[in-house]
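Q: One structure is given below, represented as C-alpha cells, and several questions about it will come after.
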Amino acid sequence: MRSLRDTSPLHMVIVGHVDHGKSTLIGRLLHDSGSLADGKKEEIEKICHARGVPFEWSYLLDAFQAERNQAVTIDATHLHFHSAKRRYVIIDAPGHREFLKNMMSGAGHADMALLVIDGAEGLQEQTRRHMVMLSFLGIKNVMVIINKMDRIDYSPAIFHDLSKQVNDMIVTRGLVPLGVIPAVAHAGDMLVHRGNNMDWYMGQTLIEALDQVPVQKSNDKHPARFVVQDIYRMGGVRYLAGRAEGQPIKIGDQLIFQPGGETSCVQEIKVWPDQNILTSAQNGQSVTIALEDRIFVERGYVGAPVQDAPPLRDHVRLSLLWLSDKPLRVGQTYLFRTGLSETPATVQAIERVIDTQTGQDQLDQVELVKNTAGQVVFTLRDPLPLDPFTGHVRLGRAVIEDNGDVVAAGLINLDGLLPVSQGTKNTSPHIYRVSHPVTHDMRFKKSGYRGSVFWLTGLSGAGKSTLAMAVERILFEKNYPVYVLDGDNVRHGLNADLGFSAVDRTENIRRVGEVAGLMADAGLIVVSAFISPFQADRDRARTAAQGRFHEIYIKADIGTCESRDPKGLYKKARAGNIADFTGIDSPYDIPLYPELTIDTQTQDIDTCVRQIFTYIEQHASAFPAPGYEKDL
C-alpha cells in the first residue's frame with residue numbers, strides 16, 4: 001500500500017479579506033485533520049485560561065509564528081497537514097508583501113488558492129484585488145469557502161447568491177473555479193466533518209474537495225534547470241547545492257551555467273544528509289551535484305543543458321501588481337529579483353495599466369499607482385538567464401523591490417524581446433574571445449593617442465550634434481584620429497532596422513556603445529552625440545568601452561531646448577505626432593556623476609567647444625597639440 005510520504009503534496013495559498021476567518025480556518029483544519037502535535041491545543045487552552053481570554057483557533061497560528069521567530073520546529077513559509085489520502089502544504093503569508101515574497105521564492109509554488117469570504121460581508125474590494133494578484137502570479141485554480149455561515153443563519157439563499165457572484169468574479173479574471181463550500185470555521189462545520197447545521201448542502205466538505213485537486217506537474221515537460229543555492233566542499237569534492245526544475249538532470253549531462261557561461265559535465269549527484277547517490281535529479285528535487293571541471297559558479301547561477309539553455313536577457317516584461325504608495329513611472333530604477341538572482345532594473349515602458357476592480361485597461365494612465373496592475377518593460381543592468389512563466393512556473397516569476405521593500409510581483413513575459421546573445425554576449429560554448437597581439441597600450445605608445453569614447457548626452461536641442469561636429473573638425477585639423485557617431489546618422493545604416501519603442505531605443509544605444517568601444521580599442525577618439533535618456537543605457541555603454549568612457553552632459557533645460565527646436569520635433573511632439581518624446585512624455589535621466597558638464601544654456605558655442613576640446617586633449621593625447629587658443 002502506498003504511504004502518504006510517497007505522494008506529492010498539494011501546495012495551496014489561503015487568501016481573503018482581513019477578519020474573514022483565514023487563521024481560524026487554518027487552526028481548525030490542522031486540529032480536525034489530526035495534524036497537530038499531541039497536546040498543542042491543550043497548551044494553547046491553558047495559556048488562554050491563564051490570561052482570562054476565550055480560546056480562539058487562530059491562537060494556534062500565533063503560537064506557530066512565535067516558534068518560527070525562534071527558528072523552532074515550524075518551517076518559515078509552510079504549514080503542513082494531511083488527510084487520509086494525501087499531504088498538504090499551506091503557504092502562510094499574513095500580508096500582501098509577505099505573500100508575494102513567498103510566492104516568488106522557489107518554495108512558494110502553489111497548485112491552487114483557497115479564498116475565504118465572510119458570508120455576512122460578501123465580496124470586498126480586497127477580495128477582488130486578491131483575484132487579480134492570483135491571476136498575475138499564475139495561480140489559476142481557486143476554491144472558495146463561504147465562512148461564518150452562522151452569522152447569516154445558515155441561509156442557503158444567501159449562500160447560492162454569493163456563490164454565483166464569486167464564481168462570476170473568478171471566471172472574469174481568467175481563473176478556474178474549483179467549487180464553493182459553506183462553512184463555520186470556528187465550529188469546524190464542513191471542513192473535515194459536515195456538522196449538523198447545513199443539511200441542505202449536498203456537496204463535499206473542504207477536505208473531500210481538496211483530495212480531488214490534482215497536483216501541477218507541468219514543469220516536468222520543460223527544459224532542465226538547476227538553480228544553485230550554495231556551494232560546499234566535502235572530502236575534497238566541490239558540490240553545488242540546488243534544486244532541479246523541469247526535465248531530469250542526469251550524470252554525464254553537459255551543463256552551461258549562466259550568467260557566467262562556463263560549461264562542464266555532471267559527474268555525481270547526491271541527496272543529503274543521507275548522501276544517497278542518484279543517477280538523475282528529478283523535477284522539484286533538492287540535490288547536490290559535482291562537476292568534472294572546476295568552473296566559476298556562484299549562488300544564483302542557473303545550470304541548463306548546453307543545447308537548451310535560457311539566453312541572457314537585459315530586457316524583461318512583467319505582468320505585475322503594484323503595491324507601493326509611490327507610483328511606478330518610466331525612468332525609475334528598482335531591484336529586480338527572480339529565483340536567487342537580482343540586479344538593478346530601470347523602467348523602460350509601461351505598456352498597460354489595468355484597473356484591478358474592473359479588469360479594464362486604463363488607456364489614459366501613464367503610471368502605476370498602489371493596487372493597480374499592468375505590463376511593464378524593464379532594462380536590467382546585469383543580464384540574467386530568464387525563462388518566461390509559460391516555460392517555467394517556478395522560475396518565471398519575479399519581484400520588484402524598492403529600498404528593501406517588495407513593491408511589486410509578477411510573471412515574466414519575453415515576447416518580442418531580443419536576448420543578449422544576439423548582442424553583447426553569446427551563450428554558445430563554441431564561440432571564444434580572441435586576444436589581439438596588438439594591445440590598446442601598444443597603440444597608445446606608438447601613436448601618442450589614447451582611444452577613448454566621449455559620450456555627449458542631453459535633451460534634443462541641447463547642442464550635442466553641433467558641438468560634436470565642431471570639436472571633430474578641430475581635432476582632425478590637429479591630426480587627432482577622431483570620428484563622430486551621431487544619433488541620426490547611425491539610424492540610416494547600422495540601426496536602420498530599429499524603431500523608437502523603449503526596447504528599440506535601448507538597443508540603439510547598446511549597439512552604438514559596442515561600436516564606440518571597438519573604435520576606441522582601435523585607438524580612435526570617438527565623440528558620440530545621442531540623447532541616450534536612460535542612465536542604465538549609458539552605464540552599459542561605459543562598460544563596453546572598458547575604462548575608456550567619458551560622460552559629457554550637454555546641459556540645457558526643456559524650455560531652452562524647445563525654444564531652439566532645430567528640427568521641429570518639439571512642435572510635432574506637442575501636437576501628438578511623436579509619441580514618447582524625451583522631455584515631453586518620456587523622462588530624461590540627468591547624469592548623476594558626469595566627467596564633464598557643458599552648460600549650453602548660459603555659454604556660447606565657442607566657449608563650449610573650447611571646454612570639450614581641452615578635456616579631450618587632456619585625456620586622449622600624450623602630446624597635446626599647441627596653439628588651439630590662437631587658431632580658434
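Q: Suppose the chain between Asn276 and Asn197 were pulled fully straight at 0.36 nm per residue; how much longer would it get relative to their current alpha carbon spacing?
A: 23.2 nm
Q: What share of Cα pairs, in percent, lie more than 24 angstrom apart in the range 312-422?
A: Value for the range 312-422: 18 percent of Cα pairs lie more than 24 Å apart.
Q: So, with +1 on the Cβ of K and R and -1 on the Cβ of D and E, and no other charges, what is the size of the charge dipole of the range 312-422 about its Cα centre, to the nearest 20 debye?
A: With only Lys, Arg, Asp and Glu charged at Cβ, the dipole is about 200 debye.
Q: Lys/Arg Cβ at +1, Asp/Glu Cβ at -1, dipole of the range 489-619 taken about the Cα centre: which of Asn577, Ile509, Val527 is farthest positive-ward?
A: The one lying farthest along the dipole's positive direction is Asn577.
Q: A further question on this structure: Order of Trp455, Trp57, Trp200 from fewest to most other C-beta atoms within 10 Å?
A: By the 10 Å Cβ count, ascending: Trp200, Trp57, Trp455.
Q: Which value in nm describes the separation of the simple spin-label points at Ser35 and Tyr483, placed 7 Å from the Cα toward the beta carbon?
A: 6.7
Q: A follow-up question, please. Quick check: residue separation of Ser155 and Asp557 times 0.36 nm, minus the Cα distance between them. What number comes out in nm?
A: Full extension of this stretch gives 138.0 nm more.
Q: Between Asp168 and Gln126, how high is the FRET efficiency from 1/(1 + (r/R0)^6) when r is the Cβ-Cβ distance and R₀ = 22 Å? Nearest 0.05.
A: Calculated value: 0.80.
Q: For the chain, give the magnitude of the charge dipole about the Cα centre (Cβ charges: +1 Lys/Arg, -1 Asp/Glu; no others), in debye to the nearest 20.
A: 1160
Q: If you average 1/r across every pair of different Cα atoms in the chain and take the reciprocal, what Kirkwood value do you get, in Å?
A: Value: 28.3 Å, from the Cα pair sum.
Q: Sorted from largest down, give the three principal axis spans of the alpha carbons of the range 440-631, whole angstrom values.
A: Ordered largest first, the range 440-631 gives principal extents of 53, 35, 30 Å.
Q: Under 16 Å from the Cα of Lys46, which aspartates and glutamates turn up, not counting those fewer than eight places away in the same chain?
A: In chain and number order, the partners are Asp38, Glu56, Asp62.
Q: Continuing with this model, one more query. Which residues among the range 305-339 fall inside the zone where the amide N is under 20 Å from a point 7 Å beyond the Cα of Thr263, along Cα→Cβ?
A: Output list for this probe position: 305-313.
Q: Right, another one. So if I place +1 on the C-beta of Lys and Arg and -1 on the C-beta of Asp and Glu, and nothing else carries charge, what would the dipole magnitude of the range 440-631 be about its Cα centre? I want it in debye, nearest 20.
A: My answer is approximately 340 debye.
Q: For an R0 of 30 angstrom, estimate the FRET efficiency from the Cβ-Cβ distance between Thr614 and Ile590 and round to the nearest 0.05.
A: 0.85
Q: For Arg173, what is the net charge nearby, where nearby means another residue's Cβ is under 11 Å from its Cβ and Lys, Arg count +1, Asp, Glu -1?
A: Around Arg173, the surrounding residues sum to +2.
Q: Taking amide H positions as placed 1.01 Å from N in the peptide plane, with prolines and chain starts having none, which residues 5 or more places from Leu459, or on another chain, fall under 5 Å of its amide H?
A: Ala556
Q: Here's another thing I want to ask about it. Which of the peptides 336-345, 223-232 is most tightly packed, and how do the rest follow, going by the mean number of other Cβ atoms within 10 Å of each residue?
A: Ranking the peptides 336-345, 223-232 by packing returns 336-345, 223-232.
Q: Taking the Cβ of Ala290 as the center, what net charge do the other residues with Cβ under 13 Å away carry, scoring Lys and Arg +1 and Asp and Glu -1?
A: Summing Lys/Arg as +1 and Asp/Glu as -1 gives 0.
Q: OK, next. Estimate the FRET efficiency between Arg491 and Ala84 by the formula 1/(1 + (r/R0)^6), using the beta-carbon distance for r and 56 Å for R0, to the nearest 0.05.
A: 0.25
Q: Pulled fully out, how much extra length does the chain show between Lys571 and Asp606, if you take 0.36 nm times their separation in residues and subtract their Cα-Cα distance?
A: Result for the pair: 9.8 nm of gain on full extension.
Q: Tell me, what does the Kirkwood hydrodynamic radius of the range 280-329 come to in angstroms if you use every pair of distinct C-alpha atoms?
A: That comes to 15.5 Å for the range 280-329.
Q: May I ask you to list the aspartates and glutamates whose Cα is less than 13 Å away from that of Lys567, ignoring any residue fewer than eight positions away on the same chain?
A: Asp488
Q: Net charge around Ala304, counting only other residues with Cβ within less than 12 Å of its Cβ (Lys, Arg = +1; Asp, Glu = -1)?
A: -3
Q: Rg and Dmax of the range 219-308, using alpha carbons, in Å: what are they?
A: Looking at the range 219-308, its Cα Rg and Dmax stand at 11.6, 35 Å.
Q: Hey, another quick one. Quick check: pseudo-label points 7 Å beyond the Cα along Cα→Cβ at Gln365 and Met234, how many nm apart are they?
A: 5.0
Where a number appears in this text, it was derived from the coordinates with a stated rule and is not lab data. Since we're looking at a predicted model, the values are computed, not measured. FYI the Cβ positions are ideal-geometry reconstructions off the backbone, even for glycines, and counts take in every protein chain you see.
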